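Note sheet for the following structure.
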Amino acid sequence: MATKSKIQNPKSKIKYTLPQLMVAAAAREVVDNEVVFVGMRLPLLGFLLAKSTHAPNAIGVYELGIIRDTVAPEPILTMGDLPNLSRAQWLADTADLMGLLQQGIVDVSFIGGAQVDRFGNLNTSYIGSLDKIETRLPGSGGACDLASLAKRHIIIMTHQKRRFVPKVDYITSAGYGDGAGWRERVGLPRGGPSTVITTLGILKFDPDTKEMVLASTHPGVTVQQVLDNTGWPLRVAPEVNETPLPTEAELAMLQKFDPEGFWTGA
Amino acid sequence: MPDSKLLSLSEAIARFVPDGSSVALGTAQETLIPFAAGNELIRRRKRNLTLIGPISDILFDQIIGGGCVRKIQAAWVGNVITGSSYNFRNAVEQGQIEMEDHSNLMLSMALRAGAMGVPFMPARTALGSDLFKTNAGLKTISCPFTGDTLTAIAAINPDVTIIHVQRSDEYGNAHCWGNLGITREACLASRCVIITAEEIVSPDVISSDPNRVVTPGFRISAVAQAPWGAHPSPVPGYYNRDHQAFIDYRESSKTPEVFAKWQTRWVDSVQSSDDYLNLLGKERTTKLSLKNHVLSEVVDYGY
């Protein structure tokens, strides 16, 4: 990858923000020609970035009823901004797109979370117990569906001990439940989280145990820092890389898509 | 010709949304959100409503803040570009409203079951999740053909669905374009449908393009003209999303005191769409208007 030379070059003077690094990492998870179920916030930009760089033939599916095979003609802050509807490939019903998802036609989706556990189960609904709710969060939206039905999904979230917990208070969007074989047992047809992109690093899942494993740390972050901010004894890959920096070209694109830095500002 | 269904927004809400109704709103998700109608529910001090919607953006938070709500059946309630919304959060945390948790697919299927006249729809979503604990309308079943475990999603038939559209005739035949979200199934499943429209047009305009009609006019209860009736959400062909209004609202529901101020300014002191437009100001509406028009080709329905 072109980006690797940048990281290995200590003279690299590329200036970037943490959200830009995370969006670039999210974009790299998309493979050309894939059907991508695009979520709100950072994933919105991740898809645009992927589409403008290495995945020009990716198809974007937006749950409110939009399919796009081109980048919106102007910057958007939400998926319902009118430029995102202009010359779309299809404007339709949510059920149509959820049907494509349920059939197994969506390759990858992106989900944000408030709380995640070692098997990638996500909570965006209730903190505390249902008898004594500490915090009510906005809820599933389409996240439960994406986590249940996409071929794989990518989680993007802030890495803090109170968010990375041994067991989530409530499963809004299923990961691997209590480990290998769980998804099959409960009847989910496919899928599961493949990657977690956090404010500190990138995590993958052990193919056998389905447990989260630290794969890379962002520049300037140590493995110990990640461990300190994770609420269970996190497994670490034998070789932890540094997360690739966003390239000049990626940053220029992001500047175009988010000119005021609403999502990717410092 | 049938009787005209044209009413003022105030009359439409008074007549077709009695206290205690279940009301589906915000069915197109982030576009065409019927904010003017939502404000009218607050202004008329409606009580004990059940709100049904996929993601409501800030609409549900406002109606909750207005004290109108007993129960929510929704997939997501918040502020799309800023995150949580506080009237909703506080009401659920303090046990003031009952919450039934859905996903977007579930809510669509619940309404589709209602629209199809069957008690439930099967799906493959949510298996293994805790949504089963906070939604009594979910059960697992075994497929009678394959034996697969499926999620059965109980039908929902709202008392009323309120939608905002671009244009309607006075009989309730309405054109709606853009992303539709769960609008079609919500209208079909509802006992009653209220349309708010940017423009009221002649029946010939609507019948020239029946594919664009969102739901059959004979099932509509009332039509009300509401220019800028979806502001601050966008209306394809009319105006863009007012991001600043959503950003400003983040601070407006943090405490009951600041929300009361918001309600006085944006709801209770407004009696008509003219009042609302005056409050918004010409500069703001000009900024939100379309700058690039993309007109579709005419289609021929001739014979």
Exercise for the section: Any chance you could count how many residues in segment B:49-83 are more than 16 Å from residue B:13 (Cβ to Cβ), surrounded by fewer than 22 Cβ atoms within 10 Å (Cβ to Cβ) and in contact with a helix residue (DSSP H, G or I) (Cβ under 9 Å, 6 or more places away or on another chain)? Expected result: 4
Exercise for the section: Would you mind listing the strands (runs of 3 or more DSSP E) fully within segment A:191-266 where at least 1 residues are hydroxyl-bearing (Ser, Thr, Tyr)? Expected result: A:193-198, A:212-217
Handout entry: Checking residue B:217 against (1) crowded, with 18+ Cβ neighbours inside 10 Å; (2) more than 19 Å from residue B:28 (Cα to Cα), the condition it does not meet
Key = (2)
Practice task
Run residue B:179 past the list (1) buried (at least 24 other Cβ atoms within 10 Å of the Cβ); (2) more than 8 Å from chain A (Cβ to nearest Cβ); (3) in contact with a Leu (Cβ under 8 Å, 6 or more places away or on another chain); (4) assigned to a loop (DSSP other than H, G, I, E, B) and report the number of the one that doesn't hold.
Solution key: (2)
Exercise for the section: Would you mind finding the one in B:201, B:267, B:213, B:205 that is more than 14 Å from chain A (Cβ to nearest Cβ) and under 30 Å from residue B:116 (Cβ atoms)? Expected result: B:213
Practice task
Scan segment A:132-180 for residues that are over 23 Å from residue B:29 (Cα atoms), in contact with a Leu (Cβ under 6 Å, 6 or more places away or on another chain) and buried (at least 24 other Cβ atoms within 10 Å of the Cβ) and report the count.
Solution key: 0
Exercise for the section: Looking only at segment A:207-224, decide whether some residue is exposed (fewer than 14 other Cβ atoms within 10 Å of the Cβ) and on the phi > 0 side of the Ramachandran plot. Expected result: yes
Practice task
Inspect all residues belonging to segment B:157-169 and state whether any of them is modelled with pLDDT of 95 or more, within 12 Å of another protein chain (Cβ to nearest Cβ) and surrounded by fewer than 24 Cβ atoms within 10 Å (Cβ to Cβ).
Solution key: no
Practice task
Taking residue A:101 as the residue in question, decide whether it is assigned to a helix (DSSP H, G or I), surrounded by 22 or more Cβ atoms within 10 Å (Cβ to Cβ) and among the hydrophobic types (A, V, I, L, M, F, W, C).
Solution key: yes
Problem - Matching residues in segment B:259-279 - criterion: being assigned to a helix (DSSP H, G or I), among the β-branched types (Val, Ile, Thr) and surrounded by 14 or more Cβ atoms within 10 Å (Cβ to Cβ) - result: B:267
Completion exercise
Filtering segment A:89-98 down to residues that are in a strand (DSSP E or B) and at the interface with chain B (Cβ under 8 Å from one of its Cβ atoms) yields A:91, A:93
Handout entry: Pair list, Cβ < 8 Å and 6+ apart or interchain, from segment B:140-159 residues that are more than 20 Å from residue B:130 (Cα to Cα) to residues that are of a type in the set (Lys, Arg)
Key = B:157/B:191; B:158/B:191; B:159/B:191
Fill in the blank from the handout: Note on segment A:159-188: residues within 12 Å of another protein chain (Cβ to nearest Cβ), assigned to a loop (DSSP other than H, G, I, E, B) and touching a residue at least 24 places away in the same chain (Cβ under 8 Å) are A:167, A:168, A:169, A:170, A:171, A:172, A:174, A:175, A:176, A:177, A:178, A:188
Fill in the blank from the handout: Of the residues in segment A:112-121, those that are more than 9 Å from chain B (Cβ to nearest Cβ) and either in contact with a helix residue (DSSP H, G or I) (Cβ under 9 Å, 6 or more places away or on another chain) or not small (Gly, Ala, Ser) (or both) come to A:112, A:113, A:115, A:116, A:117, A:118, A:119, A:120
Problem - Of all residues in segment A:64-88 being more than 8 Å from chain B (Cβ to nearest Cβ) and closer than 16 Å to residue B:287 by Cβ, the one that is modelled with the highest pLDDT - result: A:83
Exercise for the section: Test each condition in (1) among the small types (Gly, Ala, Ser); (2) assigned to a strand (DSSP E or B); (3) within 10 Å of chain B (Cβ to nearest Cβ) for residue A:109 and report the one that comes out false. Expected result: (3)
Handout entry: Failed item in (1) more than 21 Å from residue B:149 (Cβ to Cβ); (2) crowded, with 22+ Cβ neighbours inside 10 Å; (3) among the small types (Gly, Ala, Ser), with residue A:129 passing the rest
Key = (2)
Fill in the blank from the handout: Looking across segment A:122-158 at residues that are within 13 Å of chain B (Cβ to nearest Cβ) and of a type in the set (Lys, Arg), the single one that is nearest to residue A:31 (Cα to Cα) is A:136
Practice task
Please enumerate the residues belonging to segment A:44-54 that are away from every other protein chain (no Cβ under 13 Å) and either among the aromatic types (Phe, Trp, Tyr) or in contact with a strand residue (DSSP E or B) (Cβ under 8 Å, 6 or more places away or on another chain) (or both).
Solution key: A:46, A:47, A:50, A:51
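The values are calculated or read from the model by the stated rules, or taken from the named source; none is laboratory data. Here the structure is a predicted model, which means the values were calculated and not measured. FYI the Cβ positions are ideal-geometry reconstructions off the backbone, even for glycines, and counts take in every protein chain you see.
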